[in-house]
1. Within segment 126-143, is even one residue outside any helix (DSSP H, G or I), of a type outside the set (S, T, N, Q), more than 26 Å from Thr340 (Cβ to Cβ) and modelled with pLDDT under 80?
2. If you scan segment 382-401, which residues turn out to be assigned to a helix (DSSP H, G or I) and open to solvent by 50 Å² or more (accessible area, probe 1.4 Å)?
3. Output the qualifying pairs, or none if there are none: Cβ atoms under 9 angstrom, residues six or more apart or on different chains, first residue in segment 338-357 and more than 22 Å from Leu260 (Cβ to Cβ), second residue surrounded by 12 or more Cβ atoms within 10 Å (Cβ to Cβ) and aliphatic (A, V, I, L, M).
4. Condition first: of a type in the set (Lys, Arg) and over 15 Å from Ala321 (Cα atoms). Now tell me which residues in segment 368-401 satisfy that.
5. Would you mention how many residues in segment 251-261 are within 19 Å of the chain's Cα centre (by Cα) and open to solvent by 40 Å² or more (accessible area, probe 1.4 Å)?
6. Within segment 376-388, identify whether any single residue is under 22 Å from Ala313 (Cβ atoms), in contact (Cβ under 8 Å) with a residue 24 or more places away in the chain and touching a helix residue (DSSP H, G or I) at 6+ places or on another chain (Cβ under 6 Å), and answer yes or no.
7. Going through segment 408-431 one residue at a time, which ones are in a helix (DSSP H, G or I) and either open to solvent by less than 10 Å² (accessible area, probe 1.4 Å) or aromatic (Phe, Trp, Tyr) (or both)?
8. Count, please, the residues in segment 29-57 that happen to be at pLDDT 95 or above and more than 20 Å from the chain's Cα centre (by Cα).
Amino acid sequence: MSSAAQTESGSGRRTGPWTYLKRWMGRLTGTSPARAAMLIFGVTIAVFASLLMMPWATASGSSAAFHEALFVATSAVTVTGLTPVNTADHWSFAGELVILIGIQVGGLGIITIAALLAISVTRNLGLRTRLVAQEGGISTGSMGETGQVIRTVVICSAVVEALLMLVMIPRFIQINGDVASGLWDGTFYAISAFNNAGFVAHSEGLAGFDNDPVIIWTIMIGVFLGSLGFPVLFMLWRNRWHVRRWSLHTKLTLEVTLLLMVIGAVLYGVMEWSNSATIGEMTLGEKLQNSLFASVNMRSGGFSVVESNMQNAETMLISDALMFAGGGSASTAGGIKVTTIAVIWLAFLAEARGDAESTAHGRTIPPSAVRVAVSVVAMGATLVLISTVWLMYITGLDMGRPLYESISAFATVGLTSGLTEDLPPEGLYVLAALMFAGRVGIITFAASLTVRQRSRVRYRYPEGRPMIG
């Protein structure tokens, strides 16, 4: 029997490298879905880095340096937006197209791709894979809805991005006076905005569009929708404005998102009102518009009409806090997520009131959710601390700019104090690792905590109460 027709004994199925690969992936996704997701995520970054190192990817026609290609690929796939080079000047059209595809792949989520791979290999998701899929935003809580929500993720992304394109492409054609460039710019910014990537297709960024309400508001709406998360968008699409039918997750996400957006806009406007380097010379309407734009993008979008290092120190500190907070769970936004903040705040209120349990909207928040939220914050703060100290050591700078850059990388925001473009290769590797950890690490970390929870306790130690506070 020839190797081409070799079959398994009694099964009639062909064997070969692809069969063994499918079996291995099936075992990996079934026993360790978090590890599988991280592996696929890493391989995807490596593929895009390899493409960006091709001579045709750069404007000069020479191969990009490895650290630059790896950093930009990581930034694109993690939908961050930090880059050590000017995207419009350094990369060719083919290179920008590679970056745009990387943004789209990262926005849809490598966890989603891992779940799709698990479905194609095993034809059925195991419990652990479903749990990770749920944490990654492809489940709305019902384990049986995974396949449906995967389709919803793709359809939702396509619909929203298409609507953004319908607004921006005609506007860019009018601005550029050219159909081809207008089509490209509108497509690029639509995908970059909805995926909260923050990449720009112009050498000067958005500085030339700070007074254009069509561009500013369309990008702002795209960033806002992308930061809500696919479970929230799915819930809103299914139940429309029937608030009573919304899940607790949807309610908390919208409440905290809107609260942070308003607070951020007010604080930014007050602190930068007279700063001539930012919004000080603008009209009243432009100041209000750009304050709201800055607030929305501080939490994940990464777009900016002014340079962050021109802001007051107080504004940059507020930006640090908003970036660390991030957007909604299972969204294209990063950070510790707004629901994490909500859970911790509700636990604080319950403790202050002397309540045994924390509640919201007629629902009880389980202690396990509080523990996971605290663990996520602790993990994020630890990663940011390590990166900040490391960058301070590499650059010899004070804490301000390294902290800003570290939080921006961890929260996959993309705002920069100008430090990224000045970093040596070892500094770029630090931020690239932080972007990877911030995008996939928090999701898999939270999922692993969920999987490891044990409902049965065979024995229990006597209580010990250390002094707190």
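1. yes
2. Thr382, Leu385, Ile386, Val389, Trp390, Met392, Tyr393, Arg401
3. These pairs meet every condition: Asp355/Leu349; Ala356/Ala350; Glu357/Ala350; Glu357/Ile365.
4. Hit for segment 368-401 is Arg371, nothing else.
5. First pass over segment 251-261, keeping only residues within 19 Å of the chain's Cα centre (by Cα): 252-254, 256-258, 260-261.
With the extra rule that they be open to solvent by 40 Å² or more (accessible area, probe 1.4 Å), the set shrinks to 258.
Of the residues in that region, 1 qualify.
6. Yes, segment 376-388 has at least one match.
7. Ser408, Ala409, Phe410, Thr420, Gly427, Leu428, Tyr429, Leu431
8. 8
The values are calculated or read from the model by the stated rules, or taken from the named source; none is laboratory data. None of these values were measured; they are calculated from a predicted model. Cβ coordinates were reconstructed from backbone atoms using ideal geometry, including for glycine residues, and neighbour counts include every protein chain displayed. SASA here: full protein model, heavy atoms, side chains in, ligands and nucleic acids out. Shrake-Rupley method; radii C 1.70, N 1.55, O 1.52, S 1.80 Å.
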